């Protein structure tokens, strides 16, 4: 399954769970086995797969799913976006409410209607900022 091929505009509270189930079944992993590896109950995992529980974005569950379901690195962002979409991206809203600069930045970006290439350039600039921050921690 390629998570990048799923249109992000179609994400709903069920998309993430359906994708987990499909990926798990494609790899012939049982609910019990995956739940055990994630240190969660099989019922909790089953509820996530059926869309009856919110995403497991806190703690180690999401990173465990990425690891145990062998999500390719180039698909991790889409996989995580699906997880956040189960709650309607509520953590983004909370962050935006608490950070005026983030709201201003996002508003400016929205007004620009960036092309894919421009988004890639902006992402590269963010990578540079992250690398510079990490390098300063080492020094």
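Considering each residue of the range 81-90 in turn, none proves to be more than 24 Å from residue 2 (Cβ to Cβ) and modelled with pLDDT of 90 or more. Screening 67, 118, 128, 111 for residues that are assigned by TED's automatic domain parsing to the domain that holds residue 15 and exposed (fewer than 14 other Cβ atoms within 10 Å of the Cβ) leaves exactly one candidate, 67.
Residues are listed down the side, and each one gets a yes or a no for (1) at pLDDT below 85; (2) surrounded by 10 or more Cβ atoms within 10 Å (Cβ to Cβ); (3) under 30 Å from residue 25 (Cα atoms):
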position	(1), (2), (3)
47	no, yes, yes
50	no, yes, yes
55	yes, yes, yes
93	yes, yes, no
139	yes, no, no
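The values are calculated or read from the model by the stated rules, or taken from the named source; none is laboratory data. The structure presented is a predicted model; accordingly, all values stated were derived computationally and were not measured. FYI the Cβ positions are ideal-geometry reconstructions off the backbone, even for glycines, and counts take in every protein chain you see.
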